[in-house]
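For reference, the structure is listed below as structure tokens.
The values are calculated or read from the model by the stated rules, or taken from the named source; none is laboratory data. Remember, it's a predicted structure, so these values are computed and weren't measured experimentally. In this analysis, Cβ positions are derived from the backbone assuming ideal geometry, glycine residues included, and neighbour counts consider all displayed protein chains.
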Amino acid sequence: MRIYLAGPEVFLPSEVALGVGFHKKDICGRHGHVGVYPFDEKMPETGDVGHLIFDACVRMMDDCEVVIANMTPWRGVSMDVGTAVEVGYMHAQGKPVFGYTNETRSYNERCEPDAYLIEPFGFHDHMMCDGPVCRSGGTVVRTRVEPEALYTDLTGFEECVKQAHRRAGA
């Protein structure tokens, strides 16, 4: 099974991002699957770079059967918006979505009180992000980690690989 590896790790310093991608691919391989990381394809450096990177990521997702998304909050209380788009894209294709986070508090616990309504469901993130994971037969795996390991601890990721493996065998 080819698994698209979605998450904000690609925005970490390059050596860290490459290391996380390598470890994710290694975990997939140990479970008999192929991890597909956005850096697997040489990204364009000239031209309409942003759109070309988008096109490359869509091609990679199209070539995968499953996505595992790092849903750890990124630059705020919610998951990385690009990762959320990838979750929605894969779900709309009818492909299973699995997700993990290294933040254990629910979305409504992380939001500062204000005059606006907040979803009281106890989900990790917005219901439109958690929903595809639940509908795929998984749960958003929540792991408590030290702050310095927020984007590098892969305990929850490995549990998602196991969930995807079990679902593939079903």
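Quick notes
- One residue stands out in the stretch 115-133 among those that are among the acidic types (Asp, Glu) and under 12 Å from Met71 (Cβ atoms): the one that is surrounded by the most Cβ atoms within 10 Å (Cβ to Cβ), namely Asp125.
- Test: residue in the stretch 116-139 that is closer than 18 Å to Thr72 by Cβ, aromatic (Phe, Trp, Tyr) and under 14 Å from the mean Cα position of the chain (by Cα): no
- Applying the criterion of being polar (S, T, N, Q) and at pLDDT 95 or above to the residues of the stretch 33-90, the residue that is surrounded by the fewest Cβ atoms within 10 Å (Cβ to Cβ) is Ser78.
- Among the residues of the stretch 80-133, those identified as among the acidic types (Asp, Glu), assigned to a loop (DSSP other than H, G, I, E, B) and out of contact with any helix residue (DSSP H, G or I) (no Cβ under 8 Å at 6 or more places or on another chain) are Glu112, Asp114.
- Residues located in the stretch 134-170, provided they are of a type in the set (A, V, I, L, M, F, W, C), surrounded by 14 or more Cβ atoms within 10 Å (Cβ to Cβ), assigned to a helix (DSSP H, G or I) and free of Cβ contacts under 8 Å to residues at least 60 places away in the same chain: Cys134
So that you can scan it fast, the table gives a plain yes or no per residue for (1) free of Cβ contacts under 8 Å to residues at least 12 places away in the same chain; (2) part of a strand (DSSP E or B); (3) touching a strand residue (DSSP E or B) at 6+ places or on another chain (Cβ under 6 Å):
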| site | (1), (2), (3) |
| --- | --- |
| Leu5 | no, yes, yes |
| Glu9 | no, no, no |
| Ala17 | no, no, no |
| Asp26 | yes, no, no |
| Gly32 | no, no, no |
| Gly35 | no, yes, yes |
| Met43 | no, no, no |
| Leu52 | yes, no, no |
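- Conditions (1) in contact (Cβ under 8 Å) with a residue 40 or more places away in the chain; (2) under 12 Å from the mean Cα position of the chain (by Cα): number failed by Ser78: (2)
- Tallying residues that are modelled with pLDDT of 95 or more, farther than 18 Å from Asp80 by Cα and surrounded by fewer than 19 Cβ atoms within 10 Å (Cβ to Cβ) within the stretch 91-114 yields 4.
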